[in-house]
Each structure stands twice: as C-alpha cells, then as structure tokens.
Amino acid sequence: MNMRIAPSLLAADFARLADEAEAVSEAADWLHVDVMDAHFVPNLTIGLPVVESLLRYSRLPMDCHLMITDPDHWAPQYAEAGARNVTIHAEAASAPIRTLRQIRAAGARAGLAFNPATAIEPYADLLPELDMVLLMTIEPGFGGQEFMDMVLPKIRRARQYIARHGGDIWLQVDGGVSEETIELCAEAGADMFVAGTAVYGAADPSAAVKSLRDLAVAAAGRA
Ligand code: DX5
Ligand code: ZN
C-alpha cells in the first residue's frame, strides 16, 4: 500500500502560502488545504480565490478539504479550478451523490469526510462514488488539537469496507497526526495522512514529512 503524506497549510504562515507550499514540495505527496466558512466550523480560513492563486504556485497536487455549510454549491468549482482531490463533509452535503459526481466530472478525485461522531455505516452504499474516505481524528476547525484514539476502530471498519468493495479508494486521517500517532493510524488501515502542526511546527518541515512517511510505511508493514 502506498503511504501518502499531505501537509496541511492550516499550520503554515498564511502571509507566505506559496513559500510554505514550496517548502514541502520535494518531500510531500499532496498539499492539504483547509477551507472553512466560520459556519460549518467556528473558524475562517481561505476560499476559492486564494485556492485559485495557490494552484498557480504549488507543484504538489492539491487536496481541498471543504469544511463549509454548502459544499454542494462550492465543491465542483474547486475541482474545475484544478484541485486534484475535493473532499466534502457527510454532515454538510445535502445532495452528496450529485456533488461527488460533479467533482469527478470536473476531473478531480472525490472525497467524503466524517466527523469523529459520525458513523460511516449509513454511507457504505456510496463507496462506488468515492475516491477517498476522510476520517477526522479531531473535531474539525482548528489545528494543534489532540488526536482522538476513539476513532481507531472506525478506521479499521472503513478499511474493511474498502477492501470488500475493491478499487482505488484512499483512507485519509486528519487531526493530531504526528510521530506519536501516525503508526496507530497506519496499523488501523489509513494510507493518507494529513499533518499540520507536525510538519509546519517542525524545524525542518521536509524532514518531518519524510520521518512521518517512514513511520507509516513501517507500521503498515507490521499490520
Ligand atoms: C482541522 C483541519 C486539519 C488541521 C490538522 O479541521 O482539517 O487539516 O490542519 O492540524 P493538525 O495536524 O495540527 O492537527
Ligand atoms: Zn483538513
């Protein structure tokens, strides 16, 4: 299994986004961008105009995580702008199937995200519409929170669903992923890891990405 590391720009210097993206462009696999609307989550970050600008500078494929109230309206536009993965929240989408199809039709991978308290079981039939499942390991909205290990059984269940379904569906974890927690996630079946504080809070972000990947690869090998 390929282990992918996606640094989250949420922990970067927002006045220097292009430079911060460049700082991880050799080591990372994807660049994770958190779009928040101060409504679905209490925090406010960036929206489509900034993502469009960033897409012109970033050499990494962009993974847009939409923590917004109206993903049905906005998600396809992120895909059309050039984001290579667009993830919407199960709790927010009112027409998830239509929206996921529109994301794919615009040429991006389509992801569905679940807050820690949201069960994945009611969404099992949506797997054919998905390229990625994102399991939040914190309550979304802010970086630097503590990893919730109560989500680990859900990661294991999601991996079983994906294995049964087959195909190229990635299992992403987001929130509190660090050198202390990434092995637990990889052993449970995650294969894509978002890390904000653990990457941009490190003295050498690029070295931090490599060490996270090494830990994930080793842990997956043991699982
Ligand atoms: C929070 C965001 C995360 C955030 C994770 O809602 O979705 O991507 O950047 O930050 P850390 O890695 O610091 O927990
Ligand atoms: Zn995120």
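Please quote Rg/Rh for segment 4-222 to two decimal places, taking the Kirkwood radius as Rh and restricting both calculations to Cα atoms. So for segment 4-222, dividing Rg by the Kirkwood Rh gives 0.93. Considering only SER8, ALA28, TYR123, the residue lying farthest towards the positive end of the dipole of segment 4-222 is TYR123, judged by Cα position with unit charges set on Cβ.
Summary of the geometry: segment 170-223 and segment 1-80, compared by the centres of their Cα atoms, lie 18 Å apart. Here's the picture: a label point sits 7 Å out from the Cα of ARG101 along the beta-carbon direction, and within segment 113-150 the residues with their amide nitrogen under 12 Å of it are 129.
Hydrophobic long helices, here whole DSSP H runs in the chain with Kyte-Doolittle means of at least 0.0 and Cα atoms spread over 24 Å or more along the helix axis, are found at 205-222. Accessible surface calculations at 1.4 Å, restricted to protein heavy atoms, place the chain at 42 Å² per residue.
Note that segment 112-166, at 10 °C in a medium of 1.306 mPa s, gets a Stokes-Einstein diffusion coefficient of 133 µm²/s from its Kirkwood radius over C-alpha pairs.
Taking N as the residue count of segment 4-100, its C-alpha radius of gyration divided by 2.2 N^0.38 Å amounts to 1.03. Expressed as a whole percent, the accessible surface of segment 106-160 that belongs to carbon and sulfur atoms is 53, based on a 1.4 Å probe. Among the trypsin sites (Lys or Arg not before Pro) found in segment 1-109, those both in a DSSP coil and sparsely packed, with 12 or fewer other Cβ atoms within 10 Å of their Cβ, are ARG59. Ligands, DNA and RNA left out, the accessible area of segment 30-78 computed with a 1.4 Å probe is 56% carbon and sulfur.
Our summary gives segment 4-222 a relative contact order of 20 percent, counting only alpha carbon pairs under 8 angstrom and 6 or more residues apart.
The values are calculated or read from the model by the stated rules, or taken from the named source; none is laboratory data. Worth saying up front: this structure is predicted, and the values here are computed from it rather than measured. All Cβ positions, even for glycine, are placed from backbone atoms using ideal geometry, and neighbour counts span all protein chains on display. We work out accessible area using only protein heavy atoms, side chains counted, and drop any ligands, DNA or RNA first. Shrake-Rupley method; radii C 1.70, N 1.55, O 1.52, S 1.80 Å.
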